[in-house]
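Each remark here refers to the structure printed beneath this line.
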Amino acid sequence: MKTRSTRPLRHFQLKITSYGNFYYIDRIEKLEKLVCRKPRVVQIDMIGVGEIPADAALLIRSVLMGRSPKTQLITNARSSLQGGSVLVWLLGDRRIIRDDARLYFRRVDLSDDEEVRQSDAGKDDEPRYRDSFSEVDPEDGDYAQVLQVINEFLPVKELAGRLIGVPVLRQFGLVENEQVDCFLATAFRKSRRALVPR
């Protein structure tokens, strides 16, 4: 006798705004509470114009990475996405995006001497001269981390600064990859049968 799952699909709306750090702090807290309940499926519906700040995107990532392995994550982009919003969308086990929506992330160039290395932490060396226009922005450091994670899914070096449409996302297997999943499941099932002695 099959029992009905007590952990149904949970929808979680994440409005994308060009302002409102307080909004993201509040939503992250609610997302964390939802994930702690270990639902079977969480669907994050992303809608709006703007960009999730890099720090908030990294925080959302840490919350989602800590979810139960039994919780499936669906990310549904109902709008075009940019920057940190792209990272959150890519975290889904299954990704949905509106047919005419686009992804965009900008380049950020940080030199090697803009971050303190562990080996340099105790040194008394004077920092190199910088004028007022070359000051490091901590947000750029967070954004560089966002790009590192995006690079696990899409080649950042080639695609940064360009609009990425659904056909390209299909090429990378990021959307509508049910056929590929079914093919792989079938292939693995056949290879397991071949390994089992008769």
Item to check | Spin-label pair D93/K33, simplified geometry with 7 Å Cα→Cβ offset, distance in nm | outcome: 2.4 nm
Checklist outcome for this item: Dividing the mean separation of Cα pairs under 8 Å (6+ apart) by the residue count of region 31-106 yields a relative contact order in percent of 34 percent
Next on the checklist: Which residues does the label zone of D140 cover in region 38-82, counting backbone N under 19 Å from a point 7 Å along Cα→Cβ?
Outcome noted: 53-56
Checklist outcome for this item: Given a Förster distance of 22 Å, the FRET efficiency implied by the Cβ-Cβ spacing of F22 and R107, rounded to the nearest 0.05, works out to 0.15
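Coordinate-derived values only; no laboratory data. Being a predicted model, the structure only gives us computed values, none of them experimental. Cβ: placed from backbone, ideal geometry, glycine included. Neighbour counts: every protein chain shown.
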